[in-house]
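Notes to accompany the following structure.
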């Protein structure tokens, strides 16, 4: 369910499957992804490509990726996601990406050199990890 900031805004659900729900808020150019459970490797790869193509095709400016209910994928899968996402999103119009991590995976930003973002993407936009969706949304869409 979208957080309270988004509940009053019009959106459409681009994808709703067992492991991923994608909601797009056209007026805000915001894509909200909610990942869940243990995502099999091939499904993770397919959904990663789906999200990246959606971002490029719809000229998404802001992404809220909620991984708080997803089990961390294997290191091999994380590296695949990094490499393919960077290649596909390099020429996107993304401005900001906010990632919500589960409390046990969230690392405060006080030591950025020793605590890099969870999946280590290097994109030409602002990226930041958050422990809560509300905080991420306030950063993404300042009111």
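The values are calculated or read from the model by the stated rules, or taken from the named source; none is laboratory data. Every value quoted in this text rests on a predicted model; they were computed, and no experiment measured them. Glycine also receives a Cβ, built like all others from the backbone with ideal geometry; neighbour counts cover every protein chain displayed.
Observations
- Here residue 53 passes the criteria (1) over 17 Å from residue 100 (Cα atoms); (2) modelled with pLDDT under 95; (3) in a helix (DSSP H, G or I) except the one numbered (2).
- Residue that is surrounded by the fewest Cβ atoms within 10 Å (Cβ to Cβ), among those in the stretch 3-26 that are outside any strand (DSSP E or B) and touching a strand residue (DSSP E or B) at 6+ places or on another chain (Cβ under 6 Å): 9
- Looking across the stretch 94-105, just one residue is surrounded by fewer than 17 Cβ atoms within 10 Å (Cβ to Cβ) and under 13 Å from residue 127 (Cα atoms), and that is 95.
- Qualifying residue in the stretch 30-39 (condition: under 16 Å from residue 134 (Cα atoms), surrounded by 14 or more Cβ atoms within 10 Å (Cβ to Cβ) and in contact (Cβ under 8 Å) with a residue 60 or more places away in the chain): yes
- Single unsatisfied condition, residue 73 versus (1) crowded, with 17+ Cβ neighbours inside 10 Å; (2) modelled with pLDDT under 95; (3) outside any loop (DSSP other than H, G, I, E, B): (3)
- First in the stretch 80-93 and at negative phi and exposed (fewer than 15 other Cβ atoms within 10 Å of the Cβ), second anywhere and part of a helix (DSSP H, G or I) and modelled with pLDDT of 95 or more, Cβ under 9 Å, 6 or more apart: 84/45; 84/48; 84/49; 84/52; 87/52; 91/56; 93/55; 93/56
- Residue 57 being within 24 Å of residue 90 (Cβ to Cβ), surrounded by fewer than 20 Cβ atoms within 10 Å (Cβ to Cβ) and either touching a helix residue (DSSP H, G or I) at 6+ places or on another chain (Cβ under 6 Å) or without any contact (Cβ under 8 Å) to a residue 40 or more places away in the chain (or both): yes
- Check on residue 99, within 15 Å of the chain's Cα centre (by Cα) and farther than 16 Å from residue 128 by Cα: no
- Checked across the stretch 27-45, the condition of being touching a strand residue (DSSP E or B) at 6+ places or on another chain (Cβ under 7 Å), under 20 Å from residue 138 (Cβ atoms) and at pLDDT below 95 holds for at least one residue.
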